[in-house]
Amino acid sequence: MPPESSLAGKMQGLAGRVAVITEASRNIGRSLALGFAEHGAKVVVADLDLDQATAVADQIEAAGGEALPLCVDISDRDRVFGMADAIRSQFGRIDILVNNASRLNDLQRVPFQQIDPAEWRSTLDVNVTGTFHCIRAIEPDMRAQNWGRIVNVSSGTVRMGRPHFLHYVTSKSALIGMIWSLARELGPHGITVNTLLAGVVFTADQRNRLPENYKTMIV
């Protein structure tokens, strides 16, 4: 796995762009937030944990960048639309949306027959409907300027499957269908829509919760 600082890749033409990263206070989201800022973007660090989001924003600003920390629950439509309004008030525009927020680390890993229906619903509420809310709230800005970039962070598990995680894998699979349809709807307005199928990233959360056989498994 590449070091965190390289996860954002070599992103060109980001100077002055406003990039919204959800669940940006840690792990992949934090790395992306720092990477976008390094390449000149103004970064919205959106997260449920405002203290952690503020810490990432402070790190960006200490390095000479611009950042706005916001507390948002993406499963709550009103809070998502409020987030979009706050961004417009601060920066006057929204160019890029990375839908990284999802439920994973708190999910119970059980056979599908034992998945709690409430946990199933809440997983889809965040991972699928929350992503939908974010796109709905931010897309009008991109359409108005005839330019935008939307990236959904999915998972490599949708290609290989992962036993006892049906709620998570199902939700991440839905994001792929979402981008195919949205790309056709939004492409004529200068907006691209793509999905990143992330592999296993051994963050602290993953190291603490994965059993040894998962850590050593080669897939």
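The values are calculated or read from the model by the stated rules, or taken from the named source; none is laboratory data. What you see is a predicted model; the values in this text were computed from it and never measured. Here Cβ is always computed from backbone atoms with ideal geometry, including for glycine, and neighbour counts include all displayed protein chains. For the accessible areas, the whole protein counts, side chains as well, though only heavy atoms, and no ligand, DNA or RNA atoms are used. Shrake-Rupley method; radii C 1.70, N 1.55, O 1.52, S 1.80 Å.
So the values come out like this:
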{"quantity": "Solvent-accessible surface (1.4 angstrom probe) belonging to Asp116, in square angstrom, nearest 10", "calculated": "80"}
{"quantity": "Karplus 3J(HN,Hα) series, Hz, for the stretch 95-103 with 6.51 cos²θ - 1.76 cosθ + 1.60 (x for Gly, Pro)", "calculated": "10, 9, 10, 10, 8, 9, 5, 6, 8"}
{"quantity": "Lys, Arg +1 and Asp, Glu -1 on Cβ, resulting dipole of the stretch 95-177 about Cα centre, debye, nearest 20", "calculated": "260"}
{"quantity": "Cα centroid separation - the stretch 35-67 against the stretch 169-200, whole Å", "calculated": "25"}
{"quantity": "Cut-off under 5 Å, modelled amide H: who pairs with Ser155 long-range", "calculated": "Ala198"}
{"quantity": "Listed peptides 163-175, 32-44 by packing density, highest first (mean Cβ within 10 Å)", "calculated": "32-44, 163-175"}
{"quantity": "Note, ³J(HN,Hα) from phi for the stretch 167-176, Karplus 6.51, -1.76, 1.60, rounded to Hz, x at Gly and Pro", "calculated": "5, 5, 5, 4, 5, 6, 5, 4, 5, 5"}
{"quantity": "Top positive-direction residue, dipole computed over the stretch 57-148 with Cβ charges, set Gln90, Leu70, Ala137", "calculated": "Ala137"}
{"quantity": "Residues with amide H under 5 Å from that of Leu70, placed H, sequence gap 5 or more", "calculated": "Val45, Ala46, Asp47"}
{"quantity": "Residue-by-residue Karplus 3J(HN,Hα) for the stretch 27-34, coefficients 6.51, -1.76, 1.60, Hz, glycine and proline x", "calculated": "6, 4, x, 5, 4, 5, 4, 5"}
{"quantity": "Nonlocal amide H pairs with Arg17, under 5 Å, H built at 1.01 Å", "calculated": "Lys42"}
